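Asker: Could you have a look at this structure, given as structure tokens, before my questions?
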Amino acid sequence: MRYLQAGEQQLVALEPDHDTLRQLVQQAGFGCEIIKERRRVILEVRALESSGPLLLFDASDSANLGWFSRCQFYVDSVSGVVLQTPLLMSNCFDGDQLSRDRVRISMATELPVGFRLPGKRNLTEQVVYALLFSLISALKETGVALCGSSGLRPLTGSGRTR
């Protein structure tokens, strides 16, 4: 982690280790491809064992109330932002079909110095690793709530399947 100056704005530049990212994803029971871009790292995460779709569900559907009540992560369906984190999520497709066992997670690597996570925790690579592991585990175990009605599509539960 290092600090950058961009005009008048100070930024924290995260430098996530790709081997560590792969190990975290594997520990959660997934495989991944990693793409490094200028200001983000993208992980295309896929379930290693076919045990049904990933637990990304429509939070507005009353049939999903049980999942919603135990959720730790909420995703804005329009932007894909995992709320209060430097992570962004998007769907993957196999041709024109929505892939229900794969998602793309983008991790911002340049953030404002004042960026704070829930609980006012400071941003470090280790904290982002823990967030990523928890998010990926939730896609398999407890569920991730999708908030909104356009953009990102749910992978499980009743609700909009477009």
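Asker: If a paramagnetic tag sat 7 Å from the Cα of His18 along the Cα-Cβ line, which residues of the range 26-40 would have the backbone N under 12 Å from that point?
Answerer: 33-37
Asker: Let me ask you something else. Where does helix 125-140 land angle-wise versus the long Cα axis of the chain, in degrees 0 to 90, nearest 10?
Answerer: 0
Asker: Continuing with the same structure: Once both labels are modelled 7 Å past Cα along the beta-carbon direction, what's the Gln26-Arg39 spacing in nm?
Answerer: About 3.3 nm, to one decimal.
Asker: As I understand it, the value is the acute angle between the Cα axis of helix 18-27 and the longest principal axis of the Cα atoms of the chain; what does it come to in degrees, rounded to 10?
Answerer: Computed tilt is about 30 degrees.
Asker: Can you give the helix-only mean residue ellipticity at 222 nm for the chain, where every DSSP H stretch with n ≥ 4 adds -39500 (n - 2.57) and the sum goes over all residues, rounded to the nearest 500 deg cm²/dmol?
Answerer: Values: 3 runs with 31 residues, N = 162.
That calculation yields -5500 deg cm²/dmol at 222 nm.
Asker: Sorted by average packing, counted as other Cβ atoms within 10 angstrom per residue and highest first, what order do 111-120, 81-90, 95-104 take?
Answerer: Details: 111-120: 11.5, 81-90: 19.2, 95-104: 15.4.
Per-residue Cβ counts within 10 Å, averaged per peptide and sorted highest first, yield 81-90, 95-104, 111-120.
Asker: Give the peptides 146-156, 16-26, 122-132 in descending order of average Cβ contacts within 10 Å, highest first. Let's see the in-between values first.
Answerer: On the way: 146-156: 18.6, 16-26: 15.2, 122-132: 17.0.
Result, highest mean Cβ count within 10 Å first: 146-156, 122-132, 16-26.
Asker: Pull out the extension gain between Gln72 and Asp96, defined as 0.36 nm times the separation in residues minus the alpha carbon to alpha carbon distance; nm, one decimal. Don't skip to the end; give the middle numbers.
Answerer: Working: separation 24, 0.36 × 24 = 8.64 nm, distance 3.04 nm.
Extra length available between Gln72 and Asp96 comes to 5.6 nm.
Asker: Please report Glu49, Glu8 as a ranked list, fewest other C-beta atoms within 10 angstrom at the top and most at the bottom.
Answerer: On the way: Glu49 9, Glu8 5.
In increasing order of surrounding Cβ atoms, one gets Glu8, Glu49.
Asker: Below 8 Å between Cα atoms, with a sequence gap of 6+, how large is the relative contact order for the range 91-162 in percent? Numbers along the way, then the final one.
Answerer: Details: 32 pairs, mean separation 15.8, N = 72.
Relative contact order comes out at 22 percent.
Asker: Net charge near Arg38, counting Lys/Arg +1 and Asp/Glu -1 over other residues with Cβ under 14 Å of its Cβ?
Answerer: Values: positive: Lys36, Arg39, Arg40; negative: Glu15, Glu37, Glu110.
With Lys, Arg at +1 and Asp, Glu at -1, the neighbours total 0.
Asker: Here's something else I'd like to know. More than 29 Å apart: what percent of Cα pairs in the chain qualify?
Answerer: Here the tail beyond 29 Å accounts for 18 percent of pairs.
Asker: Provide Met1, Met107 in ascending order of the number of other Cβ atoms located within 10 Å of each residue's Cβ, fewest first. Could the numbers behind the result be given before it?
Answerer: Working: Met1 14, Met107 22.
Fewest-to-most Cβ neighbours within 10 Å comes out as Met1, Met107.
Asker: Take the range 1-81, compute every pairwise Cα distance, and split them into 5 Å bins from 0; I just need the percent in each bin.
Answerer: Binned Cα distances yield the sequence 3, 10, 15, 16, 19, 16, 10, 7, 4, 1.
Asker: Under the 0.36 nm per residue contour assumption, what length would be gained going from the current alpha-carbon distance of Ser79 and Asn122 to full extension? Kindly include the intermediate steps, with their values, before the conclusion.
Answerer: Working: separation 43, 0.36 × 43 = 15.48 nm, distance 2.36 nm.
Going from the current span to full extension adds 13.1 nm.
Asker: Let me ask something additional. Evaluate the distance, in nm, between pseudo-label points positioned 7 Å from the Cα of Leu4 and of Val113 along their respective Cα→Cβ axes.
Answerer: Roughly 1.5 nm, to one decimal.
Asker: Quick one: Cα centre-to-centre distance for the range 7-58 and the range 84-162, in angstrom?
Answerer: 9
Laboratory data are not the source of any read-out in this text; all were calculated from the coordinates shown. Since the structure is predicted, the reported quantities are computational estimates derived from the model, not experimental observations. Every residue, glycine among them, receives a Cβ derived from its backbone with ideal geometry; neighbour counts consider all protein chains shown.
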